[in-house]
Amino acid sequence: MIPIVARTTEEMIRLVPNSYREASIALGATKARTILQVVIPSSLASIVTGVMLAIARVAGETAPLLFTALGSRFSPLTFDSRFPFMHASIGKPFPSLTVQIFSYATGPDEGERKLAWAGILVLIGLIFVLNLCIRFATRSKKA
């Protein structure tokens with residue numbers, strides 16, 4: 001996601017007209033102040049849109065996890081006395097929320113189907129909160 005966001009940000013900053021930069025510098029602003037107070041606010045909505053598209057792309061690429069995560073329901077995290085943190089074994093099946101939802105939704109147990117609906121609700125809630133945060137970050141400040 002980082003290369004997509006970086007490239008989108010670079011392009012959106014380049015789209016800000018040079019006349020904005022020149023006018024700011026002609027009024028006596030430093031280059032840093034021009035960037036912080038003219039260029040970034042002018043391109044903020046476009047940058048946030050690029051971030052949203054990158055997040056959507058990452059979320060869309062979770063579908064292949066159904067085929068590549070090997071369908072594990074259990075986490076292979078292990079504790080090692082030499083390391084104070086958990087680590088996963090490489091090459092072992094690793095669970096993800098999308099795999100859990102799929103396996104629970106297609107299972108015969110009614111309780112698991114209810115858990116699948118709860119997992120879907122969590123994903124929808126995360127997307128809703130993310131959209132609200134983006135709306136607040138990009139709203140225009142009107143007097």
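The values are calculated or read from the model by the stated rules, or taken from the named source; none is laboratory data. Since the model is a prediction, treat every value here as computed from it, not as a measurement. Heads up: the accessible areas ignore ligands, DNA and RNA and are worked out on the full protein's heavy atoms, side chains in. Shrake-Rupley method; radii C 1.70, N 1.55, O 1.52, S 1.80 Å.
The residues of segment 1-52 present an accessible area of 70 Å² per residue when probed at 1.4 Å with all protein chains retained. Expressed as a whole percent, the proportion of Cα-Cα pairs in segment 13-63 lying more than 18 Å apart is 44%.
Might you tell me the accessible area per residue for segment 94-139, computed with a 1.4 Å probe and given in Å²? Numbers along the way, then the final one.
Values: 3330 Å² over 46 residues.
Solvent-accessible surface per residue comes out at 72 Å².
Note on THR106 and VAL5: the extension gain reaches 32.8 nm, defined as 0.36 nm multiplied by sequence separation minus the Cα-Cα distance.
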